[in-house]
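Read-outs: derived from the displayed coordinates by stated rules, not from any lab. Remember, it's a predicted structure, so these values are computed and weren't measured experimentally. Neighbour counts run over all protein chains shown; Cβ positions are idealised from the backbone, glycine included.
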Amino acid sequence: MLWYKSPPEPSPSDNSRARRPAPRDASGEDRPSAMLRVSRRVASSCESATLALTARVQELRRQGVDVVGFGAGEPDFPTPEPVKRAGVAAIESNFTKYTHSSGMPELREGIAKRFLADYGLTYDPSQIIVSCGAKQAIYNALATLCDDGDEVLIPAPYWVSYPDMVRLVGGVPVVVPTSPERGFKATIDDLERATTPRTRILVLNSPGNPTGAVYSAAELKPIGAWLAENRIAVISDDIYGSLVYGGRSFASVAAVVPETIPLAVLVNGASKAYAMTGWRIGWAAGPKEIVAAMARVQGQTTSNPSSVAQKAALAAVTGDQKAMIEPMRAEFDRRRRVMTARLNAIPGIRCHEPEGAFYCFPEISELFSRTAPDGARIGNADRFAEAALEGARVALLSGAPFGAPHHLRLSYATSLGEIERGLDRLESFVRSLR
Ligand SMILES: Cc1ncc(COP(=O)(O)O)c(C=O)c1O
């Protein structure tokens, strides 16, 4: 049985809310509860595929099964020492109360300095909000900018959470296909084709999860001009901004096309750059009135992110960036090259070289007509991922929940030894297919 089923891909003509199953009651049975009904908005959202895989791998490991995990969406490095110490010091000095709901003023100042150093953009601390991860910052931005029925352009392949977040705030996710030949990067022609009078927002993610695609300044320029001309807002998810390879540099649309600054909410955070996923600190910068409205969403839902984690994040954003980030980036770069080469050496798998983040995103459609040793036909990427877990004890994700049903996502946020071990297994598994 499939342990995870990809959701239907959203599209302009197919607002999948209408096709979602009826709400379930607490027994998990397929009948609506007589007393409680899940709202249509929540019923229209799906379980996160990445979290489902993590839970499945944890369960197998608890049973003593040796699984090589390529599912991780987080650095396998520890949080840097000075950052940990700042967190401990915060606890020991009883810095354990509520803070300003948009985040401590010193932290917002520190983040403003990062925007200046990393983007060349000047934001006043009042234009910055600190949230419980970039995830909450994106949700706050969508809740603030999106009215019922507003369309949000999401270039595919996309991070799994975007379409569901859009549905949760009452918007309509509109998938914008991109092609591997153009490095999975949307062009204005792609965006134009998906645009209607209801289009309000573009979600742009570079470096991208799952593709590892990095938009250059030259590629962002026409997109920025198009956004400004059409007055379409942009949520720029820059969470992997410090993880770029091969001499490339990170660029953000607001820095490249200043006319987009009044239209842009820039999202970043501590999770990936400083290996701080569990601390749950992310942030956003944008026009003052938009950030103030985002602060109302946050103030009425979660209040401030953890005071202790904010102190740690302050040490991260004000500390020695090179010392904290470069060793991790350089190691990811090594692993990226090993994993890409190993994948391309497996017949039936083709993998472009990722430019950023920490994922390989190979194409595997040639394998769909094959049959596993147990006689089951591979058929699609969901089934390949399931068969790889059951047959080879390698955990990886189908591309389907990322809007790419011919691909797989493998994270290289694991040691080189594990990468070699997992790819040995994957290679024998693929070679065993008939
Ligand atoms: C593209 C992208 N955006 C945002 C996030 C959320 O990060 P955070 O841990 O800061 O909430 C992730 C996490 O995997 C991600 O991949």
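Quick check on my filter: what residues within the stretch 347-371 are over 16 Å from Ala388 (Cα atoms) and surrounded by fewer than 21 Cβ atoms within 10 Å (Cβ to Cβ)? If the condition is that a residue be over 16 Å from Ala388 (Cα atoms) and surrounded by fewer than 21 Cβ atoms within 10 Å (Cβ to Cβ), then Arg350, His352, Glu353 are the ones that fit. Criterion applied to Arg370, Arg393, Arg336 was being within 24 Å of the chain's Cα centre (by Cα) and in contact (Cβ under 8 Å) with a residue 40 or more places away in the chain, and the one residue passing it is Arg336.
Would you pick out the residues in the stretch 152-170 that are more than 15 Å from the chain's Cα centre (by Cα) and more than 18 Å from Ala264 (Cβ to Cβ)?
Arg167, Leu168, Val169, Gly170, listed by residue number.
Figure legend. Inter-residue proximity from the stretch 278-306: first residues within 16 Å of the ligand (Cβ to nearest atom), second residues of a type in the set (D, E, K, R) and not in a helix (DSSP H, G or I), beta-carbon distance below 7 Å, spacing 6+ or different chains. Indicated pairs: Pro305/Arg280; Ser306/Arg280. Pairing each residue of the stretch 249-276 that is touching a residue at least 12 places away in the same chain (Cβ under 8 Å) and more than 19 Å from Gly208 (Cβ to Cβ) with any residue that is hydroxyl-bearing (Ser, Thr, Tyr) and surrounded by fewer than 23 Cβ atoms within 10 Å (Cβ to Cβ), provided the two are 6+ apart or on different chains, yields C-beta distances under 6 Å for Ala275/Thr79; Met276/Thr79. Only one of the numbered conditions (1) in contact with a Pro (Cβ under 8 Å, 6 or more places away or on another chain); (2) aromatic (Phe, Trp, Tyr); (3) more than 14 Å from Ile239 (Cβ to Cβ) is violated by Tyr162, and that is (3). Taking the listed residues Ala90, Ala55, Ala86, the one that is within 27 Å of Ala357 (Cα to Cα) and in contact (Cβ under 8 Å) with a residue 40 or more places away in the chain is Ala86, with no other qualifying.
Is it the case that some residue within the stretch 194-204 is at positive phi and either out of contact with any strand residue (DSSP E or B) (no Cβ under 8 Å at 6 or more places or on another chain) or surrounded by 23 or more Cβ atoms within 10 Å (Cβ to Cβ) (or both)?
No, the stretch 194-204 has no match at all.
In the stretch 99-117, how many residues are out of contact with any Phe, Trp or Tyr (no Cβ under 6 Å at 6 or more places or on another chain) and within 16 Å of the ligand (Cβ to nearest atom)? So that I can check it myself, show each step before the final result.
Within the stretch 99-117, the first condition is being out of contact with any Phe, Trp or Tyr (no Cβ under 6 Å at 6 or more places or on another chain), and the residues that meet it are 99-110, 113-114, 116-117.
Subset that is within 16 Å of the ligand (Cβ to nearest atom): 103, 107, 114.
Within the stretch 99-117, residues that are out of contact with any Phe, Trp or Tyr (no Cβ under 6 Å at 6 or more places or on another chain) and within 16 Å of the ligand (Cβ to nearest atom) number 3.
From (1) surrounded by fewer than 20 Cβ atoms within 10 Å (Cβ to Cβ); (2) touching an Asp or Glu at 6+ places or on another chain (Cβ under 6 Å), pick out the condition that doesn't hold for Asp148. Condition not satisfied by Asp148: (2).
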